[in-house]
Amino acid sequence: MAEVNVKTGGDTKRAKTAGLISCVLWVLGFALSFVIPGKSPFTWLPDTLLLVGFFPVLFVHPAGWTWLIFGVLNVAIGFILEVGYQLPDDVFPVEVNTLRKGLQSTHPTLVWILLGALCTVYGAFRIVKTVIRFIRKRVSKSA
């Protein structure tokens, strides 16, 4: 009979709970993006809730590479947004500038960069921990 490995996300109750928490955070973040106006001191909240909504699902899956890739991609998105915000207005047509100003007022880059960096560090830590555990296991088997 084949065994189910609980460490790979086979625990359905944990996975369902994580999915439910993630959905609640995503819906809340999405709803707040329509409620909180641009230039408000709380414009960081919707993006933060949307990104943090991935954390419960990522915690269910123990692999560090998922955190690492998620973090690197979020940092990249943050830097792309920041570069887009810093470009001069005369480079783009009026319609694109209107879109840029709307994005700039509702999507602060610091949220993407900081949460992405946090996830990247956490993912790298988990990968190093897994590699060290693997090496110790190999050394103890050969000894």
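Laboratory data are not the source of any read-out in this text; all were calculated from the coordinates shown. Because the structure is predicted, anything quoted here is derived from the model rather than measured. Every residue, glycine as well, gets a Cβ built from its backbone with ideal geometry; the counts of neighbours run over all protein chains shown.
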If you scan the stretch 37-57, which residues turn out to be in contact (Cβ under 8 Å) with a residue 40 or more places away in the chain, of a type in the set (A, V, I, L, M, F, W, C) and either in contact with a Pro (Cβ under 6 Å, 6 or more places away or on another chain) or not in a helix (DSSP H, G or I) (or both)?
Trp44
Residue that is surrounded by the fewest Cβ atoms within 10 Å (Cβ to Cβ), among those in the stretch 125-143 that are more than 19 Å from Trp67 (Cα to Cα) and among the polar types (S, T, N, Q):
Ser142
Does Gly71 satisfy being of a type outside the set (A, V, I, L, M, F, W, C), in a helix (DSSP H, G or I) and closer than 30 Å to Arg133 by Cα?
yes
Considering every residue within the stretch 47-54, establish whether at least one is farther than 30 Å from Ile132 by Cα and either out of contact with any helix residue (DSSP H, G or I) (no Cβ under 9 Å at 6 or more places or on another chain) or of a type in the set (S, T, N, Q) (or both).
yes
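Within the group Tyr85, Tyr122, which residue is of a type in the set (Phe, Trp, Tyr), surrounded by 14 or more Cβ atoms within 10 Å (Cβ to Cβ) and within 26 Å of Arg14 (Cβ to Cβ)?
Working: Tyr85 fails: within 26 Å of Arg14 (Cβ to Cβ).
After ruling out the rest, the residue left standing is Tyr122.
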Of residues in the stretch 70-82 being among the hydrophobic types (A, V, I, L, M, F, W, C) and without any contact (Cβ under 8 Å) to a residue 40 or more places away in the chain, the one surrounded by the fewest Cβ atoms within 10 Å (Cβ to Cβ):
Ile80
